[in-house]
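Notes follow the structure.
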Amino acid sequence: MESQTAEDLHERSFGELFTRLSEQASTLVRQEVELAKVEMQQKGRRAGRGAGLMGGGGVLGLGAFGALTAMFILVLAIWLDAWLACLIVTVVYAAGAAVLALYGKRSLKDAGPPVPEQTIESLKEDVQWARNHI
């Protein structure tokens, strides 16, 4: 955009100034919408990764419970009562699932709220700039 002095702006008609203001406002809104889209895509990717980790923790917990539980219980039952072998295996699997879920939760937290924060800040700056120049 070209730099205009106050004198140059005073020489223009109201219609010209209003048309120019309308064009610039339209351009600004399009740019802000594009910024919001990009910011939300980035946040979505982070949140998706966290949700995937949490889901992975759940699948791992269930798969481990179904596939390896019987083998470990049978091995432990050689030395312990069967009920104690079941309890030990359950506690170990629950701890592993909890660790994965906590990492997933941390990733979701790091993604932040699903709000385009940079765009909101930029809009506030635009409003302040417009107020100062009116």
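The values are calculated or read from the model by the stated rules, or taken from the named source; none is laboratory data. In this text the structure is predicted, and so the values were computed from the model without any measurement. Heads up, the Cβs are rebuilt from the backbone with ideal geometry, glycines too, and the neighbour counts pull from every protein chain shown.
Looking only at region 108-117, how many residues end up being surrounded by fewer than 14 Cβ atoms within 10 Å (Cβ to Cβ) and in a helix (DSSP H, G or I)?
If we filter region 108-117 for residues that are surrounded by fewer than 14 Cβ atoms within 10 Å (Cβ to Cβ), which is where we start, we get 109-110, 112-115, 117.
Next, from what is left, pick out any that are in a helix (DSSP H, G or I): 109-110, 117.
Qualifying residue count for the region: 3.
Quick check on Ala130: is it among the small types (Gly, Ala, Ser) and surrounded by 12 or more Cβ atoms within 10 Å (Cβ to Cβ)? Please lay out each step first, then the result.
Numbers: among the small types (Gly, Ala, Ser): yes; surrounded by 12 or more Cβ atoms within 10 Å (Cβ to Cβ): yes.
Spelling it out, Ala130 is indeed among the small types (Gly, Ala, Ser) and surrounded by 12 or more Cβ atoms within 10 Å (Cβ to Cβ).
I'm trying to understand the selection: among the residues of region 7-56, which are surrounded by 14 or more Cβ atoms within 10 Å (Cβ to Cβ), more than 30 Å from Val99 (Cα to Cα) and in contact (Cβ under 8 Å) with a residue 12 or more places away in the chain?
Leu28, Glu32, Leu35, Ala36 - these are the residues of region 7-56 that are surrounded by 14 or more Cβ atoms within 10 Å (Cβ to Cβ), more than 30 Å from Val99 (Cα to Cα) and in contact (Cβ under 8 Å) with a residue 12 or more places away in the chain.
I need a count of the residues in region 28-65 that are under 25 Å from Thr119 (Cα atoms) and either within 18 Å of the chain's Cα centre (by Cα) or not in a helix (DSSP H, G or I) (or both). Please lay out each step first, then the result.
Step one: list which residues in region 28-65 are under 25 Å from Thr119 (Cα atoms), which gives 28-51.
Now restrict to residues that are either within 18 Å of the chain's Cα centre (by Cα) or not in a helix (DSSP H, G or I) (or both): 33-51.
Total satisfying the criteria: 19.
Based on this model, can you work out whether Lys124 counts as surrounded by 12 or more Cβ atoms within 10 Å (Cβ to Cβ), among the basic types (Lys, Arg) and either touching a residue at least 24 places away in the same chain (Cβ under 8 Å) or under 30 Å from Arg20 (Cβ atoms) (or both)?
Values: surrounded by 12 or more Cβ atoms within 10 Å (Cβ to Cβ): no; among the basic types (Lys, Arg): yes; either touching a residue at least 24 places away in the same chain (Cβ under 8 Å) or under 30 Å from Arg20 (Cβ atoms) (or both): yes.
Answer is no for this residue.
State all residues of region 57-77 that are among the aliphatic types (A, V, I, L, M) and within 13 Å of Ala98 (Cβ to Cβ); if no residue qualifies, say none. Full working, then the answer.
As a first pass, look at region 57-77 and keep what is among the aliphatic types (A, V, I, L, M): 59-60, 62, 64, 67-68, 70-71, 73-77.
Passing the criteria: Leu60, Ala64.
So in region 66-107, with the set limited to residues that are in a helix (DSSP H, G or I), over 23 Å from Met54 (Cα atoms) and of a type in the set (Gly, Ala, Ser), which one is farthest from the chain's Cα centre (by Cα)? If you could, list the steps in order and put the result at the bottom.
Quick first cut of region 66-107, residues in a helix (DSSP H, G or I) only: 66-67, 69-76, 82-107.
After this cut, where a residue has to be over 23 Å from Met54 (Cα atoms) as well, the list is 70-76, 82-88.
Those still in the list that are of a type in the set (Gly, Ala, Ser) too: 70, 82, 85.
Details: Ala70: 39, Ala82: 45, Ala85: 41 Å.
Filtering first and then ranking leaves Ala82.
State which residue is nearest to Asp110 (Cα to Cα) when the search covers only region 33-67 and only residues that are modelled with pLDDT under 85 and touching a Phe, Trp or Tyr at 6+ places or on another chain (Cβ under 8 Å).
Top of the filtered list is Gly61.
Considering each of Ala85, Ala111 in turn, give the residue that is hydrophobic (A, V, I, L, M, F, W, C) and under 30 Å from Val33 (Cβ atoms).
Among Ala85, Ala111, only Ala111 is hydrophobic (A, V, I, L, M, F, W, C) and under 30 Å from Val33 (Cβ atoms).
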